[in-house]
1. Look at ASP138 and say whether it is at pLDDT 90 or above and in contact with a helix residue (DSSP H, G or I) (Cβ under 8 Å, 6 or more places away or on another chain).
2. What pairs can you find where one residue is in the stretch 70-98 and more than 17 Å from GLU142 (Cα to Cα), the other is among the small types (Gly, Ala, Ser), and their Cβ atoms are less than 6 Å apart, with a gap of 6+ or different chains?
3. Suppose the filter is surrounded by fewer than 17 Cβ atoms within 10 Å (Cβ to Cβ), hydroxyl-bearing (Ser, Thr, Tyr) and modelled with pLDDT under 90; does SER123 pass it?
4. In the stretch 137-152, what residues are touching a Ser or Thr at 6+ places or on another chain (Cβ under 8 Å) and not aromatic (Phe, Trp, Tyr)?
5. Give the stretch 71-93 a look and list any residue that's polar (S, T, N, Q) and under 16 Å from LEU158 (Cβ atoms), or say none.
6. Please pick out the residue among ALA79, ALA98 that is assigned to a helix (DSSP H, G or I), over 30 Å from ALA166 (Cβ atoms) and among the aliphatic types (A, V, I, L, M).
Amino acid sequence: MTSVGRGLLGLGAALVILIGATPASSQVENLLPTGDGPAEEDVVRGPVSPAGAFGRSLLVPGWGHFASESPTRGAFYVAAQSATMWMIFKSASKRRSAERLRELERVAVKSELRLSGVQNPDSLRFLSDNDPRVQGWDDLRETRSQQVEDWISLGVFLTLLGAADAFVAAHLADFPEPLSIDLLPGVGPREVEFRLSYPLGRIPGRWE
């Protein structure tokens with residue numbers, strides 16, 4: 001596996017570990033102030049649990065997002081993972097073509113060697129395998145194999161990323177008010193800032 005593939009798989013594994021360390025929604029609710037807040041039955045619940053959204057997106061791209069009412073993000077992962085699957089299929093097809101053409105070239109080289117007087121099977125195998133024309137196809141086959149591995153690694157990464165994102169989307173669906181993300185100009189001419197805001201409302205017992 002190439003360094004790109006190992007890096008993607010490592011990043012995907014880190015996302016899964018990070019999500020596993022995230023407290024569940026029930027644990028978060030225990031940290032919220034109690035007293036004059038809404039009753040438990042009045043708290044808005046998301047349409048699917050974070051763990052359920054995570055598992056759904058592992059099985060089917062975008063399923064967890066659609067279940068947590070995030071269709072735009074779900075459509076993105078459906079498109080991205082479908083394109084990756086197509087590229088895996090296409091790269092594997094090109095690798096098979098390279099293998100087939102390499103074998104045809106090898107047969108042609110063996111025929112030339114026989115015409116030149118080489119009849120020993122071991123000599124034919126050694127000389128044909130080390131012929132520059134055959135080695136050129138070997139290099140192309142190796143390149144195609146690396147491409148297949150990289151696309152597979154990207155597919156695994158997108159699957160883990162989509163599942164982690166569905167987990168977060170289901171968590172956000174538990175909140176009665178949506179989070180807002182604002183893009184603001186930074187200090188420098190080429191800098192931008194992201195601002196994440198959530199309306200908490202008035203905390204009971206304060207400013208009264």
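1. yes
2. Correct list of pairs: SER70/ALA169; GLY74/GLY62; TYR77/GLY62; TYR77/GLY162; VAL78/GLY62; THR84/GLY155.
3. Numbers: surrounded by fewer than 17 Cβ atoms within 10 Å (Cβ to Cβ): yes; hydroxyl-bearing (Ser, Thr, Tyr): yes; modelled with pLDDT under 90: yes.
So SER123 passes the test.
4. Hits for the stretch 137-152 are ARG144, GLN146, GLN147, VAL148, GLU149, ASP150.
5. In the first step, residues of the stretch 71-93 are kept if they are polar (S, T, N, Q); the result is 72, 81-82, 84, 91, 93.
Residues satisfying the conditions are GLN81, SER82, THR84, SER91.
6. On the way: ALA79 fails: over 30 Å from ALA166 (Cβ atoms).
On inspection, the qualifying residue turns out to be ALA98.
The values are calculated or read from the model by the stated rules, or taken from the named source; none is laboratory data. Note that the structure is predicted; figures quoted are calculated from it, not measured. Don't worry about glycine lacking a Cβ; one is built from the backbone with ideal geometry, like all the others, and counts go over all protein chains shown.
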